[in-house]
Amino acid sequence: MFGSLSLGLVLSLLSSNVHAAAVLPRQESPAQLACAQVQTLIDGGVSFSGSPQYNYDVSHWSNASSLPATCTVEPSSAEQIQELIGIITSTRTPWAVRKTILFTVFLLSNQRFFPSMHAWILLRESKVKGAGHCNNNNMSSTQGLLISMSNFRDISLSPDKSTVKLGMGLTWIEVYTALAVDDLVVVGGRFGPVGVGGLSLSSGYSWYTNQYGFATDNVVSYDIVLPNGNFTTGVTQESNPDLFFALQGGVNNFGIVTNIELKTHPLNDVFAGVISVSGNLTAALQATANYAKKTRDTKATATSTISGNNGTTSMTIQVFHDGPDANGLFDEFLAIPGATVDVQTRTYLQYLALGDISVEPTNRATWYSAPTLSWPLELIEFIHQQVIEYSSLISTTSKSGIQVTGNIEPFLPSAYSHSPSSPSSPSSPSSPSSPSSPSSPSSPSSLGGSAWPHSSSTPFNTFNGLFMWTDPSEDSQMISLTIEYHTKVWEKAIEVGVSTRSEGGLFPPNYSQSSTPVEMIYGPNLERLHRIKASVDPADVISLTGGFKI
């Protein structure tokens, strides 16, 4: 084998090669370099794989949204975030921001009701599970440096109590509980354990949306560390109209927001609760269509969720009225034959304590959306049939498919009338076609004064459904099925005349898949957003993180 070389010479050469290989310097990745530098910056605030804090930081509401970070860091000041941006810029490491660590949540289907908030407090003081309400990996997760905002937890009410300043590490239940002392509330998440950060930077559907608009519409100011490293406080529509516009739905494209200031509103007792229906859903489907068609009360909201397991469906209806008496508004829901009803006058905190849609630690989930202007019975029945078919499909053709849902969420045109007025930009070029949709919408030149276009002239509601499974090897299959399912619903909405391929059918960021073209989300605002991003991110630091890149 070694020709005429002596055995001693061969062994000597082999030994030399082994020694040479052993002393070669190990090539560190940009993320490893960044994490080493961060360790010297934030003493004790950096965590690595295997530590409880690391596991807590990287976990999400759905494991399909999680990625194994090289390290996680929990800064406690804007100055530390500025330092982190400098390290990211110099090392060019992939990164992400985790706005909130969420607490253990409850199964909505269990309808667990706690007469006071003491149950929440006790659960928070016991062992809790980190989870993030994010639909896609690489948005609040990364294989590089993960920045957790869990130390930004201040709640500061203005002297006249008209606004409240919130740290981006808070959950909505913490905000609601603090404000209830002063009989105040803000437009925030419909489930208490959802984080302030992600929801308030995307769109922000709320139980109060018909009355006061989306969460983004209620933001008064932002504090933000820009990608260029500058810390800018008090970004308002008056002080910095471009940046304020961009942050209203622009998610993570313009820097790391540390605090937001929201308008406050009076807190009332509410007439609200949960109605559960199994077996024949005909009456529940009809009641949902009738409610969506007839209701014009801006203080009311109702959502109907169809759940399918192996082809068998049930329905959960949540009703909410901002006031102690709904004056018969929900009577058709309350009269559904065989329904289990827990609807009464209660405090808002008691209503929130009814629960959340939760997944087990091993489960994975994803969702998408489809635009519709209204909810005719034909469309609702079609959605029900799709839930039956797709829940049967994943039960029989996949190894780990669990559940498919369809959420019918009627919102009034009034919900879309609160977007701040702002100069509009010229229309962007026509949107390219997307394989995930019948075609990409192209919109009028102006749909309101925020990055995410929404207007009462085109009040597109959002249908969204969820797929749930357990096996990571089936992630791609389930995401593809989710897109296919929503595409069919969109096509049906177009067929019955309540949606469109070309005008204003834009998708909210927090209900969109990562493959959604940004043209479908930001439409006519995209050109202006491009200009704003270029002005605050000359080193293109945002390209190193995930999400809907502008």
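Brief remarks on what is shown
- Positions within region 250-286 being over 22 Å from residue 182 (Cβ atoms), of a type in the set (Val, Ile, Thr) and open to solvent by 10 Å² or more (accessible area, probe 1.4 Å), in sequence order: 251, 282
- Given (1) modelled with pLDDT under 95; (2) closer than 24 Å to residue 196 by Cα, number of the condition residue 28 does not satisfy: (2)
- For beta carbons closer than 7 Å, sequence separation of 6+ or different chains, a first residue in region 168-185 that is open to solvent by 20 Å² or more (accessible area, probe 1.4 Å) and a second that is assigned to a helix (DSSP H, G or I) and of a type outside the set (S, T, N, Q), the qualifying pairs are 177/349; 180/349.
- Residue list for region 300-324, restricted to those being closer than 21 Å to residue 353 by Cβ and not small (Gly, Ala, Ser): 301, 303, 305, 316, 317, 318, 319, 320, 321, 322, 324
- Within region 513-546, the set of residues being touching a strand residue (DSSP E or B) at 6+ places or on another chain (Cβ under 9 Å) and crowded, with 22+ Cβ neighbours inside 10 Å comprises just one member, 545.
- Conditions (1) touching a residue at least 12 places away in the same chain (Cβ under 8 Å); (2) surrounded by fewer than 21 Cβ atoms within 10 Å (Cβ to Cβ): number failed by residue 480: (1)
- Of all residues making up region 507-550, the number that are on the phi > 0 side of the Ramachandran plot and part of a loop (DSSP other than H, G, I, E, B): 2
- Test for residue 161: is it in contact (Cβ under 8 Å) with a residue 12 or more places away in the chain, on the phi > 0 side of the Ramachandran plot and among the basic types (Lys, Arg): yes
- All strands (runs of 3 or more DSSP E) inside region 307-403 with 2 or more residues being β-branched (Val, Ile, Thr) and open to solvent by 40 Å² or more (accessible area, probe 1.4 Å): 340-346
- Elements of type helices (runs of 4 or more DSSP H) in region 208-301, at least 1 residues being out of contact with any Pro (no Cβ under 7 Å at 6 or more places or on another chain) and closer than 30 Å to residue 546 by Cα: 209-212, 241-247
The values are calculated or read from the model by the stated rules, or taken from the named source; none is laboratory data. What you are looking at is a predicted structure, and each value in this text was computed from that prediction instead of being measured. A quick note on method: Cβ atoms are made from the backbone with ideal geometry, for glycine too, and the neighbour counts reach across all protein chains shown. Heavy atoms of the whole protein, side chains included, go into the accessibility calculation; ligands, DNA and RNA do not. Shrake-Rupley method; radii C 1.70, N 1.55, O 1.52, S 1.80 Å.
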